[in-house]
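The values are calculated or read from the model by the stated rules, or taken from the named source; none is laboratory data. Bear in mind that the values here come from a model prediction, so they are computed numbers and not experimental data. Cβ sites come from the backbone with ideal geometry, for glycine too, and all protein chains shown count toward neighbours.
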Amino acid sequence: MKKRIYGQEFGFSTRAVHTGNDVDGETGAIRRPITMANSYALPYDPSEMNWSGADTSLYTRNGGSNQKYLEEKLTSLSGGEDCVVLASGVAALSGLFFALLKSGDHVVFSSVTYIAVYRLLRELLNHKFNVETTIVDTSDLEAVRSAMRPNTRLVHIETPGNPTLAISDIRAIAGIARANGSLFSVDNTFASPYNQRPLELGADFSVESLTKYINGHGDAMGGAVIGKKVHLELIRAQSQVNLGGVVSPFNAWLIMRGSVTLPLRMGRHNENALRVAQYLESLPCVRFTAYPGLESHRGRAVAVSQMSPGFGGVLAFGLDADHDAHNRFVSHLGLITSAVSLGHDESLIVFLGENDERQYLYPPEFHRGFFRFSAGLEDGEDIIADMDQALKKSGLR
């Protein structure tokens, strides 16, 4: 059998290919097989076993073999001690929050986050479990400092933020959280571990929606929390074993397959997003373009300090036009698909109208409706040509 590749002595691309994979001991296959069983053989005397344990193969809700292989890879790519893979990105976020927080705790979280975070922290945990929450523009360090309390258990940010591409300073906020005795988590989905590794910048947890860039093919759902073993064991016991948020073996296998090409794909996503952002910024009919790779982005200096080699594949922009013109533009697109999600092989676009419940938290330029665009792996000139012809057919150019 080949030597397993765990450590940081190998490059990111080498670990993306090899970590978590090995020669199958039974068949000699050089790819880990999909193990679809929900149960594993018990030892001669199972009476001493912990039926809720996740340290041995027992029952797939406690942890399956394909899940463990994927966790091994993500731990390495993210620079952590341990990883828990769950059924979706939202399962990972809720697993983190439910495991760490109790009644009376306080959470500071970004004003620009995935909608599930907004609802979990502002509504569900707040109203049902008496967890206090404060929404903060975490790109403003003084606002973060001012929001901290003696009972602040967790600071949670998302950078780049969904959907405005706001940038928060991971190193600086890690210092603020540490000084207060608080834990600090970063949703890293828009960047992926290829472009940004929050744990190396001082965060306690890095959260990934594996559905997006790490899978990369738009055909499987999963989520991961990476961090220190002492915390991950708690999340695994509570959110995986007791709440049942386990990933299916097939999805874990699909994501494992997709993760091998993450470095190659992210290079193209980064390149295409920057080209499209530069094109859009040059057009009089485009009201604004938000992408941290642009010189005009107000968070660019911080992004440069913590993101490398690129700025991700997602951008936002708005047309200098009314509501219907935004929809007309989308209707004329031929190559780009109108659909939610991001990080797929194909370019995706979604129109976010003026009635978003979190509109009051966004910068003013986002208040007239805007697009979130996920650059795919197509030739960049073809993506731009598709946008160009759609703008012309819509009477905007």
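Total residues in region 118-130 satisfying the condition of being more than 24 Å from the chain's Cα centre (by Cα) and not polar (S, T, N, Q): the figure is 3.
For Leu154, state whether it is on the phi > 0 side of the Ramachandran plot and touching a strand residue (DSSP E or B) at 6+ places or on another chain (Cβ under 9 Å). Spelling it out, it is not the case that Leu154 is on the phi > 0 side of the Ramachandran plot and touching a strand residue (DSSP E or B) at 6+ places or on another chain (Cβ under 9 Å).
Here is a check on your reading of the model: is Ala92 surrounded by 14 or more Cβ atoms within 10 Å (Cβ to Cβ), in contact (Cβ under 8 Å) with a residue 12 or more places away in the chain and assigned to a helix (DSSP H, G or I)? Yes; evaluated as a whole, the condition is true for this residue.
Contact annotation: residue pairs with Cβ atoms under 9 Å, 6 or more positions apart or on different chains, pairing a residue in region 36-62 that is within 23 Å of Val84 (Cα to Cα) and in contact (Cβ under 8 Å) with a residue 24 or more places away in the chain with a partner that is exposed (fewer than 10 other Cβ atoms within 10 Å of the Cβ) and not polar (S, T, N, Q), are Asn62/Trp51. Gln306 passes every criterion in (1) touching a residue at least 24 places away in the same chain (Cβ under 8 Å); (2) touching a Pro at 6+ places or on another chain (Cβ under 9 Å); (3) over 21 Å from Tyr194 (Cα atoms) apart from (3).
Pairs meeting the criteria (first residue in region 186-199 and of a type in the set (S, T, N, Q), second residue at pLDDT below 95, beta carbons under 8 Å, at least 6 apart or on different chains) are Thr189/Tyr114. In region 306-322, the residue that is surrounded by the most Cβ atoms within 10 Å (Cβ to Cβ) out of those that are outside any loop (DSSP other than H, G, I, E, B) and within 19 Å of the chain's Cα centre (by Cα) is Leu315.
The set of residues in region 333-382 being hydroxyl-bearing (Ser, Thr, Tyr), touching an Asp or Glu at 6+ places or on another chain (Cβ under 7 Å) and in a loop (DSSP other than H, G, I, E, B) consists of Ser347 alone. Among the residues of region 347-397, those that are of a type in the set (Gly, Ala, Ser), touching a strand residue (DSSP E or B) at 6+ places or on another chain (Cβ under 8 Å) and closer than 15 Å to Gly318 by Cα comprise Gly369, Ser374.
One line per residue, one yes/no per condition, for (1) in contact (Cβ under 8 Å) with a residue 12 or more places away in the chain; (2) under 20 Å from Cys83 (Cα atoms); (3) touching a strand residue (DSSP E or B) at 6+ places or on another chain (Cβ under 8 Å):
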site: Ala224; (1), (2), (3): yes, yes, yes
site: Gly227; (1), (2), (3): yes, yes, yes
site: Ile235; (1), (2), (3): yes, yes, yes
site: Gln238; (1), (2), (3): yes, yes, no
site: Gly267; (1), (2), (3): yes, no, no
site: Val276; (1), (2), (3): yes, no, yes
site: Ser282; (1), (2), (3): no, no, no
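Restricting attention to region 120-135 and to residues that are surrounded by fewer than 15 Cβ atoms within 10 Å (Cβ to Cβ) and not polar (S, T, N, Q), the residue that is nearest to Phe366 (Cα to Cα) turns out to be Glu123.
Scanning region 209-232 for residues that are under 15 Å from Val247 (Cβ atoms) and among the small types (Gly, Ala, Ser) yields Ser209, Ala220, Gly222, Gly223, Ala224. Of the residues making up region 365-397, those that are loosely packed, with under 15 Cβ neighbours inside 10 Å and either modelled with pLDDT under 95 or within 22 Å of the chain's Cα centre (by Cα) (or both) number 2. Cβ-Cβ distances below 6 Å connect the following pairs, each with a first residue in region 95-109 that is part of a helix (DSSP H, G or I), a second residue that is surrounded by fewer than 20 Cβ atoms within 10 Å (Cβ to Cβ), and a separation of six or more residues or different chains: Ala99/Leu234; Ala99/Gln238. When the test is whether a residue is of a type outside the set (Lys, Arg), outside any loop (DSSP other than H, G, I, E, B) and surrounded by fewer than 16 Cβ atoms within 10 Å (Cβ to Cβ), Ala325 does not pass it. Within region 291-305, being of a type in the set (Val, Ile, Thr) and buried (at least 17 other Cβ atoms within 10 Å of the Cβ) holds for one residue alone: Val302.
For region 139-146, the criterion of being surrounded by fewer than 19 Cβ atoms within 10 Å (Cβ to Cβ), out of contact with any His (no Cβ under 9 Å at 6 or more places or on another chain), within 15 Å of Leu361 (Cβ to Cβ) and free of Cβ contacts under 8 Å to residues at least 40 places away in the same chain is met by at least one residue.
Among the residues of region 24-32, at least one is surrounded by 15 or more Cβ atoms within 10 Å (Cβ to Cβ) and modelled with pLDDT of 90 or more.
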